[in-house]
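Mind having a look at this structure? Questions to follow.
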Amino acid sequence: MAAVNGEVSFWYAAGGVPRPGPALAGDADVDVCIVGGGYTGLWTAYYLKKADPSLRIALLERRFCGYGASGRNGGWLYNGFAGRGAFARRYGHGRAAAMQRLMDEAVGEVVGTAAAERIDADVVRGGVLEVARSRPQLERLKAYVAAERGFGDGRVEELTAQEAAARVDVAGTLGGAWSPYGARIQPAKLVRGLAEVVARMGVAVHEGTPVAAVLPGTRHRRPRAVTPYGTVTAEHVLRATEGFTAGLRGERRTWLPMNSAMVATEPLPAEFWAGANWQGREVLGDFAHAYMYAQRTADDRIALGGRGVPYRFGSRTDSDGSTQVETVRQLRRILDRFFPAAARARIDHAWAGVLGVPRDWCATVELDRLSGLGWAGGYVGSGVTTANLAGRTLCDLVLGRDTELTGLPWVGHTVRRWEPEPLRWLGVQAMYAAYHAADRQEAAGRATTSPIARVADLVSGRH
């Protein structure tokens with residue numbers, strides 16, 4: 001069992017969980033109100049202030065900036081985004097390709113901006129390595145490489161088992177794929193650094209300020225965010241609440257709060273890292289249906305994550321990052337399978353968080369000019385870089401700019417709501433039971449992708 005379970009995440013272990021800053025002190029009237037103090041809300045505030053320093057911006061956060069997924073994620077700053085295949089089918093390959101190009105560039109945008117603003121987020125641009133450990137996974141890896149090459153040459157390199165092991169020696173690897181569009185980060189350092197930057201720029205950041213409802217504007221009244229301490233009225237109210245969206249009035253079925261859990265080992269000795277060949281600090285993933293993700297931290301731990309208990313009935317969210325004992329055991333087993341040399345390593349910390357999942361698994365950005373309400377999110381676990389692109393897109397929408405960003409296929413993309421309970425809970429539990437069963441079949445020697453997983457993809461909309 002982990003020495004520490006919860007306390008938001010391991011990423012706050014060194015400095016301690018932040019104390020919330022000043023809460024809203026009464027009614028306020030501003031130009032833009034942003035609900036949510038994670039990457040999306042902070043990047044939106046940052047780019048709006050850069051574009052127009054005169055804007056009056058209030059940011060409302062129920063705990064502290066970085067309390068949600070932005071301070072708990074696996075630290076993958078990479079170019080993947082939720083919905084590319086669906087966007088290509090619905091809006092055309094060209095528009096999806098334009099978004100992919102901008103996502104590729106967004107990795108550098110985040111790295112460059114963090115450097116320019118002197119945010120030390122332990123950034124190492126080692127790329128993304130994903131490995132296949134069974135024949136069906138290798139089949140999916142090859143399909144992934146072919147799909148990536150359809151969006152431009154030189155974006156991904158297919159690796160033999162030996163080439164993959166030369167980057168990171170994962171036990172049982174049959175092949176790999178490496179992309180240069182990725183970096184390892186310390187996620188809490190990035191989000192807290194951004195919060196400090198936007199506050200210095202003049203954004204009114206109100207922590208410890210829960211928002212109960214976001215109300216649309218009408219002919220006679222502007223949109224507003226309602227809190228226990230006052231109501232903020234603005235020309236635009238932007239929702240940037242990702243996995244916590246279901247907690248807002250009327251949003252219970254908008255995005256499903258999917259749980260993901262992580263563990264961090266004790267610092268591992270130099271001989272382990274030499275044996276593992278993990279010198280480039282690549283972020284690491286695999287091609288399982290219930291996939292894992294990992295990084296080598298700045299202080300030489302393995303931080304590794306996976307889904308665990310995927311969903312709580314009624315769209316409930318966790319309590320300060322605590323996770324189940326069985327989830328920790330599942331992640332321990334993955335760690336031991338991938339790195340047998342770390343089998344005796346102590347687990348120092350375990351935690352969990354929620355990410356936003358739309359019914360069609362496609363991220364969206366929107367600004368409704370009639371109501372004055374906007375939102376961005378539904379990143380399905382790929383939000384570290386995507387939130388930057390979303391923030392820049394929301395900035396252009398708020399300022400009324402007609403740009404390449406506002407023409408991307410996720411702008412205005414409509415998504416139907418999730419089913420009511422208990423159908424929602426039953427469906428998610430069945431889906432992940434199917435994915436785990438498919439992974440077990442494939443690990444036992446199945447030669448091709450399990451039909452169980454194919455059916456689960458079709459039923460869930462995850463394809």
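Taking amide H positions as placed 1.01 Å from N in the peptide plane, with prolines and chain starts having none, which residues 5 or more places from Thr173, or on another chain, fall under 5 Å of its amide H?
So Thr173 has HN proximity to no qualifying residue.
Could I ask something else about it? Could you sort Ser134, Ser322 by accessible area so the largest value comes first, with the probe set to 1.4 Å?
Ser322, Ser134
Angle check, please: helix 93-116 long axis (alpha carbons) against the longest principal axis of the chain (alpha carbons), in degrees 0 to 90, nearest 10.
It works out to around 80 degrees.
Quick check for you: with a 1.4 Å probe and neighbouring chains kept, what is the accessible area per residue of the range 269-359, in Å²?
I get 36 Å² per residue for this part.
Please state the relative contact order of the range 253-308 as a whole percent: Cα pairs under 8 Å, 6+ residues apart?
43
With the contact rule set at Cα under 8 Å and sequence spacing of 6 or more, what percent relative contact order holds for the chain?
Here the relative contact order equals 24 percent.
Right, another one. Hey, what's the Kirkwood Rh for the range 200-261 if you take every pair of different alpha carbons, in angstrom?
13.3
If you average the C-alpha positions of the range 420-454 and of the range 337-378 separately, how far apart do those two centres end up, in angstrom?
20
Ok, one more. From the Cα trace of the range 157-238, what convex hull volume per residue do you get, rounded to a whole Å³?
About 216 Å³ per residue, rounded to a whole number.
Over the alpha carbons of the range 306-434, what is the largest minus smallest coordinate on each principal axis, giving the biggest first in Å?
Computed over the range 306-434, the largest-to-smallest principal extents equal 56, 36, 27 Å.
Using the reciprocal of the averaged 1/r over all distinct C-alpha pairs, how large is the Kirkwood radius of the chain in Å?
Here the Kirkwood hydrodynamic radius works out to 22.3 Å.
Further question on the same structure: Can you pull the accessible area of Val211 for me, 1.4 Å probe, Å² to the nearest 10?
Accessible surface of Val211 is approximately 20 Å².
Compute the convex hull volume of the Cα atoms of the range 95-203, divide it by the residue count, and report the result per residue in Å³ as a whole number.
Cα-based convex hull of the range 95-203, divided per residue, equals 128 Å³.
Which net charge results for the neighbourhood of Met103, defined as the other residues with beta-carbon distances under 14 angstrom from its beta-carbon, given Lys and Arg at +1 and Asp and Glu at -1?
Local net charge: 0.
The values are calculated or read from the model by the stated rules, or taken from the named source; none is laboratory data. Note that the structure is predicted; figures quoted are calculated from it, not measured. Note: ideal-geometry Cβ built from the backbone for every residue, glycine included; neighbour counts use all protein chains shown. Protein only, heavy atoms only, side chains kept; ligands, DNA and RNA dropped before computing areas. Shrake-Rupley method; radii C 1.70, N 1.55, O 1.52, S 1.80 Å.
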